[in-house]
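Undergrad: The structure is given below, and queries will be raised subsequently.
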Amino acid sequence: MVDRSDIQWLKHLIRCHDKELPELKRLNSYYEGQQPLSYMAPELERELQETVRQVVVNWPRLVVDSVEERLDVEGFRFPGEPGADTELWRIWQANDMDEQSQQGHLDSLVMGRAYVVIGARKDDDTTPLVTVESPLDMFAEFDPQTGDVRAAVKRWSEDSEDGKVDHATLLLPGATSWWVKDKGEWIEDAEYPRDEHGIDEVMVEVLANRPRLKRPNGVSDLADVIPVSDAACKIATDMMVSAEYHATPRRVAFGFGEDDFVDANGRKVSAFSRIIGRMWATEKNRKDDGADVIQFSEASLSNFHETIKLLASLVASLSGLPPHFLGHATDNPASADGIRSAETRLVKRAERKQRRAGGTWERVNRKVMRIRDGAWNPDARSLETIWRDASTPTVAQKADAAVKLFTAKIVPLRQTREDMGYTQAQIERMEEQDEQAAQDAMQRIMSGDLAALEAGAKPPSEPVPPEPDPVAVS
């Protein structure tokens, strides 16, 4: 641990965060479809002025959302337990983590990471507080020896009568403190007393996307897609400019002045009306005045279409998206098996991200139990995150596979229901109904009410005729 005072840690982390903010904001702008126009000369932009308005082909959002839609947490299971732990799921639901976890997965895919902060509640000792934070507001530094978070800071601003007031939360091993900026200097906020929780770990976990050994903070999934998306936006914008100036027939007029362009009623027509080829009327003629008009054929925009299709194919190759996700259609629609085969890479990418994010959520739950119980739970080191199936099989396929595995006694009934996609609450309700049905059946047996049990039994099979008497046959 680096020997720094709290104020030194705070200023150090803020400097590190400030260095990364421009890149984080750039990545965020691409997901939101607010990126600047690329590949166009400034001189041309000044010439076209208000005529050019960028056409945003938001493939970055498509690439991210296609993976994020497959990252749904359904519970947490202890080793040796058949089902999810109800207490951890209660804490998860109490913190609205169904919604917050999706937001965290989304930000980590877009900007490379998101953060999860764990703390105690003042009004409920049994339900620790868990929040997911944006990398635009938070930064964490890793210990190069252990790989754990050794310090983190969260920053935000509030409006007041004197303008904006900057706040910060400093999270260190053993303590969390709150700070406010006063006259350009950071001081501890008197409204929030320091929390000396005594846990020798930082109560922060990093939800990193594709972390590497030298980049534990993760990388964005947009890194490969942004250049191709910029090119597509440029081509689409050029296509709209061409549609305005070249897609309609162009005319060249010889021997005319500005006052010669009038409509059928003799009124002077605008320059735009002349460009798009509306009706012209004039008294000049070719013989006496040398007036003449030549019309060119309209320009085809098919070259833009083909370029955008090529760029879409590159995005599909880089991101693992099926071609039909990018609007690629053929005369012969793909079969259901073909569609599932095309999604193989996408499903595998989602499963890899489930494994990585699952480790983060398991560490979050270990800290949740540490705050709740006051001691570390050794069983929690083998905690397992339960995810919804990342693939998209049909209901009939899932049911057929689950029934075959159950009847072959490969998996138990509870696992069969999990494979079918039922939630933990639904499975528990089914098990209660199964238990109630078994108790009702046992009660009928004990009371001698066998008729009720036999009512649903199968009818007896047809009697087998006796063998013929060999003497009589002879």
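Undergrad: Take the range 198-238 and flag every residue that is of a type outside the set (Lys, Arg), out of contact with any Gly (no Cβ under 7 Å at 6 or more places or on another chain) and closer than 30 Å to residue 166 by Cα.
TA: Scanning the range 198-238 gives 201, 202, 204, 205, 206.
Undergrad: I'm trying to understand the selection: among the residues of the range 188-209, which are in contact with a Lys or Arg (Cβ under 8 Å, 6 or more places away or on another chain) and either loosely packed, with under 13 Cβ neighbours inside 10 Å or closer than 17 Å to residue 116 by Cα (or both)?
TA: The answer is 199, 201, 202, 203, 205, 206, 207, 208, 209.
Undergrad: Only one of these is touching a Ser or Thr at 6+ places or on another chain (Cβ under 8 Å) and modelled with pLDDT of 80 or more: 411, 403. Name it.
TA: Result: 403 is the single residue among 411, 403 that is touching a Ser or Thr at 6+ places or on another chain (Cβ under 8 Å) and modelled with pLDDT of 80 or more.
Undergrad: Six or more apart or on different chains, Cβ atoms under 7 Å: show the pairs whose first residue is in the range 234-250 and assigned by TED's automatic domain parsing to the domain that holds residue 33 and whose second is of a type in the set (D, E, K, R) and modelled with pLDDT of 85 or more.
TA: Within 7 Å, no pair qualifies.
The values are calculated or read from the model by the stated rules, or taken from the named source; none is laboratory data. Nothing here was measured: the structure is a model prediction, and the numbers come from that model. Methodologically, a virtual Cβ is constructed for each residue, glycine included, from the backbone with ideal geometry; neighbour enumeration extends over all protein chains shown.
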